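FYI, it's all coordinate maths here, none of it is from the lab. Just so it is clear, the model here is predicted, and its values are computed rather than measured. Methodologically, a virtual Cβ is constructed for each residue, glycine included, from the backbone with ideal geometry; neighbour enumeration extends over all protein chains shown.
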Amino acid sequence: MFEKDHFLFIWSLTTSTKLTSYNPQHKKHSLSIYNIEGRLLQKQTNITTSEVTIHRNNLSPGCYFYELKSEDGATAKGKLFVQ
């Protein structure tokens with residue numbers, strides 16, 4: 001789990017959306033997007049900011065799962081809805 005001072009906010013995705021996390025120490029993170037079967041569809045690495053843009057690209061409408069993982073192993077997971 002993320003430390004108690006980490007917060008994530010994510011919204012529905014039409015063409016792109018931003019995932020926001022509280023990252024005051026600018027730790028490196030990676031963001032992975034998985035389909036309902038658990039297959040990795042997108043991955044962004046070396047994220048050091050508090051915001052990352054997720055682009056729809058070829059994601060069909062439906063529910064996906066994201067995982068934001070810091071370099072020290074802290075993980076936050078959630079759902080992403082593509083319209």
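Applying both filters, DSSP loop and at most 15 other Cβ atoms within 10 Å, to the chymotrypsin sites (Phe, Trp or Tyr not before Pro) of region 10-69 gives Trp11, Tyr22. Treating r as the C-beta distance of Asn58 and Ser30 and R0 as 22 Å, the FRET efficiency rounds to 0.60. Taking the Cα centre of region 8-82 as reference, the dipole from Cβ charges on Lys and Arg (+1) and Asp and Glu (-1) amounts to some 80 debye.
Compactness check for region 8-82: Cα Rg over 2.2 N^0.38 Å is 1.04.
Full extension of the chain between Asn46 and Asp72 yields a length gain of 8.1 nm, computed as 0.36 nm times the residue separation minus the alpha carbon distance.
A straight Cα-to-Cα reach below 20 Å connects Lys27 with the lysines Lys4, Lys18, Lys43, Lys69, Lys77, residues fewer than 8 places away in its own chain not being considered. The H on the amide N of Leu41, modeled in the peptide plane, is under 5 Å from the matching H of Ile33, Tyr34, Asn35, each at least 5 residues off or on a different chain.
Around Ile54, under 12 Å between beta carbons, what's the net of Lys plus Arg minus Asp minus Glu among the other residues? With Lys, Arg at +1 and Asp, Glu at -1, the neighbours total +2.
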